[in-house]
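The values are calculated or read from the model by the stated rules, or taken from the named source; none is laboratory data. This one's a predicted model, so the numbers in the text were calculated from it and none came from an experiment. As a convention, Cβ positions derive from the backbone with ideal geometry for all residues, glycine included, and neighbour counts pool all protein chains shown.
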Amino acid sequence: MTFEKWPTSSTRVPAPIAGELITEFRSRIALQESEAAERRRLEVAELVSDHHTLEERIRIWERLYALALPPNPLHPLVSIIAASTQLTVEQVRGEQKRRWPDPSRVANVGASWNVVPPR
C-alpha cells in the first residue's frame, strides 16, 4: 500500500483569479480551507477505524505525521503512536518486531537507535 504525503500546494494560498472580486476570493479560500480541514478530520478518523489492521493504522499515522515507526521499542513515539491509533503499546511493539525481526540490525547509538546497514 502506497501513501502520498500531503501535497505542498495545500499549504499555499492560491492567487486570485483574474477579474475575481475580493469577496469571491475570500469565499473560495474559506471553502478550500474547510474542505482541507474535513479531509484531515476524515484521515485522522481512519487512525482509529476498526476497518483497518494495526499495520494499516500505523502506516496511516506515519503518512499523516510524516514520521516513520522507530525500530527502538523504548522510543517515545511508540506510546504516542499507540495513543493516536488506539492500539496498545505492545501492539505497536509487535509491528516493530515484524518490521525489524533481526535485533542485531538495530544498534543503540547514544540516546538514539539507528538501523545498521547490511554487511
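General remarks:
- Any hit, the stretch 25-37, residues being in a helix (DSSP H, G or I), surrounded by 15 or more Cβ atoms within 10 Å (Cβ to Cβ) and more than 15 Å from the chain's Cα centre (by Cα): yes
- Every condition in (1) modelled with pLDDT of 90 or more; (2) part of a helix (DSSP H, G or I) holds for S10 except the one numbered (1).
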